[in-house]
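First the structure, in the form of structure tokens, and then the observations on it.
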Amino acid sequence: MRLLLPPSETKRDGGVDVALDLRALSFGSLTPVRAETTAAVVALAHDPAEMMRALKLGPRQAHEVERNRHLLDSHTMPVLDRYTGVLFDALDAPTLDAGARAYAAEHVVVHSALFGLLGAMDVIPAYRLSHDSRLPGVRMKALWREPITAALEAAGGLLLDLRSEAYVELGPVPAHTEAAFVRVVSVDGAGRKRALNHFNKRAKGLFTRAVLTAQPQLASIEELIDWAHEAGFSLSLSSERVGAGVRELELVA
């Protein structure tokens with residue numbers, strides 16, 4: 001089983017003095033696209049005003065330009081430790097024990113607009129690039145969509161898609177039987193369900209942490225649902241389908 005997470009626009013500073021090595025990242029088939037996106041970002045960062053417009057940054061976010069300028073020579077740290085924000089704060093990767101982190105290395109993938117699919121323990125620098133960022137001569141969806149879907153297809157196995165729909169558009173999950181998109185919902189007193197926006201990130205982070213802590217070995221959506229109920233989560237199949245027919249699961253927050 002793999003859990004596919006969205007990234008976060010906010011990143012933790014620091015790391016170790018080891019430069020980014022695109023060839024060392026998981027999903028090696030994406031290396032050529034990564035080389036193209038990183039080169040475009042570094043080049044644009046040499047024009048701070050243009051980069052701030054392209055990334056829709058305000059004056060207080062000017063430091064993001066410097067981060068991008070030094071992508072290739074700044075410090076790196078594991079993906080799960082690099083990202084902050086609601087989902088990753090709830091996941092709280094720095095407090096996971098060695099067993100949970102080893103499990104994450106095998107079972108967690110984060111979808112970055114800059115690097116594509118990343119293994120949880122791949123090491124990356126801090127950067128700023130979003131799914132809707134505009135780089136000169138680069139159309140993010142056209143660049144990433146087919147390579148990411150092909151990489152997910154090649155990976156096979158049970159895949160739980162916890163991304164936002166914006167990132168799904170950057171690389172849809174192939175429509176095979178053991179893939180499912182997770183939508184976080186609330187249920188009112190009358191049993192009516194409502195999709196959540198901001199608060200869905202915390203629910204996804206807590207669910208991911210529970211998986212990493214328990215380290216279940218699951219091979220099907222039905223096994224996943226059974227495990228979730230035993231772990232105290234309300235997870236069930238929806239009648240909806242996502243994209244090309246990927247099944248949808250509802251996680252009640």
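The values are calculated or read from the model by the stated rules, or taken from the named source; none is laboratory data. Given the structure is predicted, the values throughout are model-derived calculations rather than measurements. Note that we place each Cβ from the backbone using ideal geometry, even for glycine, and neighbour counts take in every protein chain shown. Heavy atoms of the whole protein, side chains included, go into the accessibility calculation; ligands, DNA and RNA do not. Shrake-Rupley method; radii C 1.70, N 1.55, O 1.52, S 1.80 Å.
Summing Lys and Arg as +1 and Asp and Glu as -1 over all other residues whose Cβ lies under 14 Å from the Cβ of Ala120 gives a net charge of 0. Taking every protein chain into account, the accessible area of the chain amounts to 46 square angstrom per residue (probe 1.4 Å). Can you work out D for the chain in µm² s⁻¹ from Stokes-Einstein, where Rh is the Kirkwood radius over C-alpha pairs, the temperature is 37 °C and the viscosity is 0.692 mPa s? After rounding, the answer is 175 µm²/s. When the solvent-accessible area of the chain is split by element, carbon and sulfur atoms take up 52 percent of it, the probe being 1.4 Å. Take 204-212, 164-172, 106-114 and order them by the average number of nearby Cβ atoms within 10 Å per residue, most first; the result is 106-114, 204-212, 164-172. Computing Rg and the Kirkwood Rh from the Cα coordinates of the stretch 117-253 gives a ratio, Rg/Rh, of 0.98.
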